[in-house]
Amino acid sequence: MLPARKLVLFRKQLLAWFRQFQRDLPWRRTRDPYCIWLSEIMLQQTRVAAVIPYYEKFLARFPDVRALAEAPQEEVLRLWSGLGYYSRARNLQKAAQEIVANHSGKFPRDLNDALALPGIGQYTAAAILSIAYSTKHAVLDGNVARVLARLGAIRGDLRETNRWRNLQKRADHLLDPKTPGEWNQAMMELGATLCTPRAPQCLLCPVAKFCRARQLGLADRLPEKRKKRATEEVTLAAAVFLDPRGRTFLLPPSGARTRHPINNDIAPLVSKMLHFPMVRVREHATGELQHFLAELLPAVSKNIFRLEPLSEARHTVTYRKITLLPFRLAVAALPTASGAKVVALTNVSSRSALAVSNLTRKIARAALLSRAATAG
Ligand code: SF4
């Protein structure tokens, strides 16, 4: 912890740097809690440059909490399509509905009320409340934790409970109570632009003289690496039914009312959204997919389950490395199943036409590419 005089200087230097060099980002031009909330949710696990167009499109369609609360979920997911981690969008809308029902449509000012909303954790609540309402909550996420770990030359796994608590105390200690929202953004900006995970730019850093890691020559070695979860290799075989009009058949998101057997293994991999019929392959892709289709569509003659292999594709979801084996099934008429949807294959591959996961979109693209190759 810094003694009082140093603390004043530290705050002054970081804020002066932030005021001069901060990036001009759309959510920094407002203090509307809805906009700040939306940006914070979109920025989770996603780069700033990727978020900007989605943020602008989303706000144009849902300009306030009420518009979002009242929208059909499918439309919300469609505008989110491509950003990934769709539970963020579902929670955002659920929270908007709670805000309309319990807080007269205004994002709550109280920390506990904010934390009670779906999808809002400690970091997000502190960021929204400090930036929108100037409440004195210091943010702590991986980015800020890295800066704090270097400033204090803290070793070990930062996510370990006691160490994380200690980092929160340090963040609270540094927080400038006169301008907490700006302060939090300054800390985040330092982590995002100079005190980056690799090759921190200490020569340009406004608080370099306070940094223990720099003094000890440890800046690029901290924070120490966490033990990584082992990668899991997954192979999926997917059935792309195709009728003469170029339409295909997608199964409903898991949890939707349906009478056909749900392949629960698959739901998290397709972000619980519309998806091609598919199985996790244990040994023989073709046989296992045919078996699954026979169970899924008992009324359909097995003769139509003639599987034509298409080009493989790859996909990664967190620690899972997925190999996608799409198969085409050319049919005169598409089968029907409860909750399933018939759509043009080109709409499945397009980012804006339909709310599906990136994995489903990759399968559609592989099918379209193979079709083009066949036609050529
Ligand atoms: S001196 Fe370097 S390591 Fe220390 S806070 Fe600044 S950028 Fe990060």
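The values are calculated or read from the model by the stated rules, or taken from the named source; none is laboratory data. In this text, all values refer to a predicted model and were calculated from it rather than measured experimentally. FYI the Cβ positions are ideal-geometry reconstructions off the backbone, even for glycines, and counts take in every protein chain you see. Heads up: the accessible areas ignore ligands, DNA and RNA and are worked out on the full protein's heavy atoms, side chains in. Shrake-Rupley method; radii C 1.70, N 1.55, O 1.52, S 1.80 Å.
Observations on the model:
- Most positive-pole-ward Cα, 129, 327, 76, against dipole of the chain from beta carbon charges: 129
- Ligands, DNA and RNA left out, the 1.4 Å accessible surface of the stretch 154-198 is 48% carbon and sulfur atoms.
- Positive-end residue of 315, 353, 248, charge dipole of the chain with Cβ unit charges: 315
- Residue-averaged [θ]222 nm for the chain, counting only DSSP H segments that reach four residues, each worth -39500 (n - 2.57): -13500 deg cm²/dmol
- The stretch 173-319, relative contact order [Cα under 8 Å, separation at least 6], %: 18 percent
- Angle between the chain longest axis and helix 122-133 axis [Cα atoms, degrees, rounded to 10]: 60 degrees
- Using alpha carbons only: equivalent-ellipsoid semi-axes of the stretch 19-174, gyration tensor based, whole Å: 28, 17, 15
- Using a probe of 1.4 angstrom and keeping all protein chains present, the accessible surface of the chain works out to 50 square angstrom per residue.
- Percent carbon-and-sulfur accessible area, the stretch 267-308, ignoring ligands, DNA and RNA, probe 1.4 Å: 49 percent
- Taking a sphere under 13 Å around the Cβ of residue 305 and counting the other residues whose Cβ falls inside, with K and R at +1 and D and E at -1, yields a net charge of 0.
- Dipole magnitude of the stretch 12-155, debye to nearest 20 (Cβ charges: Lys/Arg +1, Asp/Glu -1, about Cα centre): 660 debye
- DSSP-defined beta bridges in the chain - what % are antiparallel, rounded to 5: 55 percent
- Surface share of carbon and sulfur [accessible, 1.4 angstrom probe, percent] for the stretch 57-132: 47 percent
- Gain upon complete extension [residue 304, residue 155; 0.36 nm per residue less C-alpha separation]: 47.6 nm
- Taking each of 178/209; 106/228; 169/225; 57/362 in turn, the alpha-carbon distance tops 30 angstrom for 106/228.
- Cβ charges +1 (Lys, Arg) and -1 (Asp, Glu), total dipole of the stretch 162-297, debye: 680 debye
- For the chain, built as a Gaussian network whose Cα springs stay under 10 Å, the top-fluctuating residue of 299, 208, 230: 230
- Compactness of the chain, expressed as Rg and Dmax over alpha-carbon positions, Å: 24.7, 81
- Measuring between their Cα centroids, the stretch 189-252 and the stretch 307-329 lie 23 Å from each other.
- Relative contact order [Cα under 8 Å, 6+ residues apart], the chain, whole percent: 16 percent
- Just checking the listed ones, 304, 52, 322: in the Gaussian network model of the chain with Cα springs under 10 Å, the one fluctuating most is 304.
- All other residues whose Cβ lies under 15 angstrom from that of residue 216 are scored, Lys and Arg at +1 and Asp and Glu at -1, for a net of +4.
- The angle between the Cα long axis of helix 285-296 and the longest principal axis of the Cα atoms of the chain comes to about 80 degrees, rounded to the nearest 10.
- Helix axis angle, 4-21 relative to the chain longest principal axis, alpha carbon, degrees: 50 degrees
- Magnitude of the charge dipole for the chain, about its Cα centre and with charges confined to Cβ atoms of Lys, Arg (+1) and Asp, Glu (-1), is about 1180 debye.
- Whole-Å distance, taken between Cα centres, linking the stretch 60-90 and the stretch 277-296: 33 Å
- Residue-wise HN-Hα coupling along the stretch 145-160, computed from phi with Karplus coefficients 6.51, -1.76, 1.60 (Hz; x: Gly, Pro): 4, 4, 4, 5, 4, 6, 4, x, 6, 8, 9, x, 6, 5, 7, 5
- Comparing mean-square fluctuations of 205, 195, 35 from a GNM of the chain with C-alpha springs under 10 Å, the top value falls on 205.
- Calculated P(r) tail over 19 Å for the stretch 1-73, as whole % of Cα pairs: 51 percent
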